[in-house]
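FYI, it's all coordinate maths here, none of it is from the lab. Since the structure is predicted, the reported quantities are computational estimates derived from the model, not experimental observations. As a convention, Cβ positions derive from the backbone with ideal geometry for all residues, glycine included, and neighbour counts pool all protein chains shown.
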Amino acid sequence: MNKEIAFFDFDGTITSKDTMLVFLRFLAGDIRYTFNMLLLTPVFVGLKSGLLSNQRAKEIMLKLFLGGTKESDLDAACLQFSRDVLPDIIRAKAIDCIRDHQHRGAEVVVVSAAPEYWVRSWCAQQGISLLATRLAVLDGRITGKIDGLNCHGEEKVRRIKEVYQLNQFNTVYAYGDTSGDKPMLALATHASYKPFR
């Protein structure tokens, strides 16, 4: 019996947009979002120039937008976002591919650098497992720090191998759309880069 597993990046692969930016605008509103993004301009410059790591830049952004937020409030906002916003930016071709894998009995896993909060309810609705960036919580509030490492690049591979023994699968599929997905794509027997555009 052929045993399959399929790993999907989320932002830009399953979705047509970066969900972190979409979610932060949804949460903050247009005015606060625009103001915060202007404040973050030096961070973006530092990231582009290599002076700041992807993880550090993300933590600065998360702290600005989410630092001090009650985890229960974030969960509630994420459920609303998953219901009201995500469906409009999900690629139909990606859903068709996921359904095809599921109909063949494959395990489907989203592996995402996006914080898990706004991805997990969507994944649960679709019957999909999730490996994503975890956020640190202290006394029930989001700190803005990442718990562990940003689930990006080689960390995607480490998280996959932490949970799955790939030698137990005859066929491993992987789908991604950025350089941060390439280590994950290299694990696969069938890799697809920017497949749903």
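Summed over all non-identical Cα pairs, the Kirkwood treatment of segment 58-172 gives a radius of 15.6 Å. Mean projected area of the Cα convex hull of the chain, taken over all directions, amounts to 11.2 nm². For residue 112, the shell of other residues with beta-carbons less than 13 Å away shows a net charge of -2, using +1 for Lys and Arg and -1 for Asp and Glu.
Computed from Cα atoms, the angle from the helix 92-103 axis to the main principal axis of the chain rounds to 50 degrees. Magnitude of the charge dipole for segment 1-57, about its Cα centre and with charges confined to Cβ atoms of Lys, Arg (+1) and Asp, Glu (-1), is about 180 debye.
Charged side chains reduced to their Cβ positions (Lys and Arg at +1, Asp and Glu at -1) give segment 70-109 a dipole of some 220 debye around its Cα centre.
The listed peptides 57-68, 153-164, ordered by packing as a protection proxy, come out as 57-68, 153-164 (highest mean of other Cβ atoms within 10 Å first). In segment 1-100, taking the dipole from charged Cβ atoms about the Cα centre, the farthest positive-side position among 15, 33, 72 is held by 33. Tally Lys/Arg at +1 and Asp/Glu at -1 over every other residue whose Cβ is under 12 Å from the Cβ of residue 154; what's the total? Here the charged neighbours net out to +3.
Toward the positive end of the charge dipole of segment 61-197, about the Cα centre and with charges on Cβ (Lys, Arg +1; Asp, Glu -1), which of 142, 119, 172 goes farthest? After comparing all options, I get 172. Can you give me the Cα centroid spacing of segment 85-108 and segment 114-164 in angstrom? Result: 19 Å between the Cα centres.
Beta bridges assigned by DSSP with both partners in the chain are antiparallel in approximately 20 percent of cases. Within the straight-line cut-off of under 24 Å between alpha carbons, the lysines reachable from residue 182 are 3, 17, 48, 58, 93, 156, 161, 194, sequence neighbours fewer than 8 places apart in one chain being disregarded.
Under the convention that each Lys and Arg Cβ holds +1 and each Asp and Glu Cβ holds -1, the size of the dipole of the chain around its Cα centre is about 300 debye.
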